Amino acid sequence: MSRSDTGGSVIERFGYRLSSIVERWMPSPFLFAILLTYLVFGVGLVLNQTGTIEPPNGGGAVGPVEMIEFWFGGFWGFLGFSMQMVVILMTGFVLAYHPTANRLLVRLAKLPNTPPQAVVLVAGFSMAVAWIHWGFSLILGAIFAREMGKVAHEKGIDVHYPLLCVAGYMGLGLTWHWGWSGSAPLLLTDESEVGEGTAFAVVSEPIPVTETIIHPYTITLTVLSILFAVTVLYLITPSGERARGITEYIPEEELYETASDGGEDVVESGERRSDEMVPAERINNSRVLGGLLAITGVAYVAWVLVTEGIELWDLNTINFAFLMAGILVWTNPSTYRDKFGEASSAAAGIILLFPFFAGIQGMMADSGLAGAIADLIIGLSTPETFPIFAWLAAALLNLFVPSGGGQWIVMGPSILEAADQLGVEFGHATMAFAVGEAHTNLLNPFWAIPLLAITRIKAREMFGYAAVMLLVLFPFLAVVLYLLPYGAF
């Protein structure tokens, strides 16, 4: 099919041209991590040798050996947090692949009648779900994009499949860090992470989610951003010959496979009639045992939140809640175990890449590079412009360290110390940081790895449109962060 470069709106043509450039030049996520490793190593080494920056803990000049030591030290520095992130992803995967969720997505996919409607529905769904659970959104958004592509193919709707995939990724690119699984706000709810003797010594006591995630400022920011993003996606949806359907990326005969990468309804495998099972199999597949455990776990979470308050919501609580919710919806322990086995394939890329990005983080933190970037950008700000500079600092660091929690550990202390000096509320500063951390996920393919596997698309084929969204969001976020008041709510 020929691709016309004329016709359509200006923003539609711009999106198409940029996507073509990125598709030609963007490396794979793993190579992206390797290239960034060399870049940070070189920049950190040169700036230390010239005296431009220095290690935060002293120790004299930094040479190649020291930079390699920083890299190795960072490699294994946050294994506990890495496990929390993997559990978030895998619990989201298991819930997303329940047959009920799959059937719901198929029904929703039948609603749109035009390509822009299809893109907007996938994006709105992804961003709304990401506010609840980023892992759930990443997997459900990917499945929804694929199902929408299949239904559009059946109905003869010429929807551009790479843009559908970007729409499914928008939750990770915009709203996730403002919601219930946001790393930065949840880390501040843990009393062991704040106060004297911690990196966040400037914070005297835990900051509850009422000052971050469910503060009216954050809710308003989330709603405005979703409305703006879906409007832009509507306008840039390719039309005519530019639209490339799902069959240009997945052979038609493979569209309807029953598989864990986004095929037809997922069925519970391995089940037999109870009278055909030996006693051990009956125990392994006991819905009573599974259901009772799940109800106990979910009831405990509910009891804790009712008696202790929403302030207790943290990463461990959300992982426990979604782990129990997964057992509750699947009930059968053996089936649930099998689904976790399938989820491991979605987490494989993160397990491989996270240590490399943690190594980059180690070099940036221990060489003084991360602190210098934060101090430079935030040092230029005033109380009014501080949210904008906190956003930009996080957005820049996210290109090198795509872990929201990892970034917050490196940059969070500097941001909150600057906020304290300028009289900016800690909750306000934290959520401004969260804006930037999520924003440049639209350029870094790290978190898109599970989506790429499910949708069967290459990073370079979809990240052109992700880059368009990244650029268009810059002026919008700058205006909103400057004008939207925190203290007025």
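Out of curiosity, is residue 180 of a type in the set (Phe, Trp, Tyr) and surrounded by fewer than 24 Cβ atoms within 10 Å (Cβ to Cβ)? It is true that residue 180 is of a type in the set (Phe, Trp, Tyr) and surrounded by fewer than 24 Cβ atoms within 10 Å (Cβ to Cβ).
Residue-wise test of (1) open to solvent by 50 Å² or more (accessible area, probe 1.4 Å); (2) outside any helix (DSSP H, G or I); (3) β-branched (Val, Ile, Thr).
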{"residue": "214", "(1), (2), (3)": "yes, yes, yes"}
{"residue": "219", "(1), (2), (3)": "yes, no, yes"}
{"residue": "223", "(1), (2), (3)": "yes, no, yes"}
{"residue": "226", "(1), (2), (3)": "no, no, yes"}
{"residue": "229", "(1), (2), (3)": "no, no, no"}
{"residue": "232", "(1), (2), (3)": "no, no, yes"}
{"residue": "235", "(1), (2), (3)": "yes, no, no"}
{"residue": "241", "(1), (2), (3)": "yes, no, no"}
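Within segment 56-66, is even one residue at pLDDT 90 or above, more than 26 Å from the chain's Cα centre (by Cα), of a type in the set (A, V, I, L, M, F, W, C) and closer than 30 Å to residue 375 by Cβ? Within segment 56-66, one or more residues are at pLDDT 90 or above, more than 26 Å from the chain's Cα centre (by Cα), of a type in the set (A, V, I, L, M, F, W, C) and closer than 30 Å to residue 375 by Cβ. When residues in segment 359-386 are screened for being open to solvent by 40 Å² or more (accessible area, probe 1.4 Å) and closer than 13 Å to residue 433 by Cβ, 0 of them pass.
If you check 323, 315 for being closer than 30 Å to residue 192 by Cβ and modelled with pLDDT under 85, only one passes: 315.
May I ask you to verify whether residue 338 is charged (D, E, K, R), assigned to a helix (DSSP H, G or I) and more than 17 Å from residue 287 (Cβ to Cβ)? No; evaluated as a whole, the condition is false for this residue. Would segment 274-296 turn up any residue that is modelled with pLDDT under 90, surrounded by fewer than 16 Cβ atoms within 10 Å (Cβ to Cβ) and under 28 Å from the mean Cα position of the chain (by Cα)? No, the conditions are met nowhere in segment 274-296. Looking only at residues of segment 472-489 that are in contact (Cβ under 8 Å) with a residue 24 or more places away in the chain, among the aliphatic types (A, V, I, L, M) and assigned to a helix (DSSP H, G or I), we find that the one that is surrounded by the most Cβ atoms within 10 Å (Cβ to Cβ) is 477.
Against the test of being assigned to a helix (DSSP H, G or I) and over 28 Å from residue 462 (Cβ atoms), the options 210, 198 yield a single qualifying residue, 210.
Within segment 387-421, the set of residues being open to solvent by 10 Å² or more (accessible area, probe 1.4 Å) and in a helix (DSSP H, G or I) comprises 388, 389, 392, 396, 409, 410, 413, 414, 417, 418, 420, 421. Of all residues being more than 19 Å from residue 188 (Cα to Cα) and of a type in the set (Ser, Thr, Tyr) in segment 203-226, which is farthest from the chain's Cα centre (by Cα)? Just the residue, please. Here the residue is 220. If I ask for residues that are among the small types (Gly, Ala, Ser) and open to solvent by less than 60 Å² (accessible area, probe 1.4 Å), which ones from segment 185-198 would you list? 195, the sole residue that qualifies. Considering only residues in segment 5-45 that are surrounded by 13 or more Cβ atoms within 10 Å (Cβ to Cβ) and not in a helix (DSSP H, G or I), the one that is modelled with the lowest pLDDT turns out to be 8. Among the residues of segment 331-342, is any among the basic types (Lys, Arg) and touching a residue at least 24 places away in the same chain (Cβ under 8 Å)? Yes - at least one qualifying residue is present in segment 331-342. With the requirement that a residue be open to solvent by 20 Å² or more (accessible area, probe 1.4 Å) and outside any helix (DSSP H, G or I), what does segment 62-76 give you? If the condition is that a residue be open to solvent by 20 Å² or more (accessible area, probe 1.4 Å) and outside any helix (DSSP H, G or I), then 76 is the only one that fits. Screening residue 210 against (1) at pLDDT below 90; (2) open to solvent by 30 Å² or more (accessible area, probe 1.4 Å) leaves a single unmet condition, (1).
The values are calculated or read from the model by the stated rules, or taken from the named source; none is laboratory data. Note that the coordinates shown come from a computational prediction; the quantities given were computed from them, not determined experimentally. Cβ atoms come from the backbone with ideal geometry, glycine included; neighbour counts cover every protein chain shown. Ligands, DNA and RNA are stripped out before the accessible areas are found, and what is left, the full protein with its side chains, is counted by its heavy atoms. Shrake-Rupley method; radii C 1.70, N 1.55, O 1.52, S 1.80 Å.
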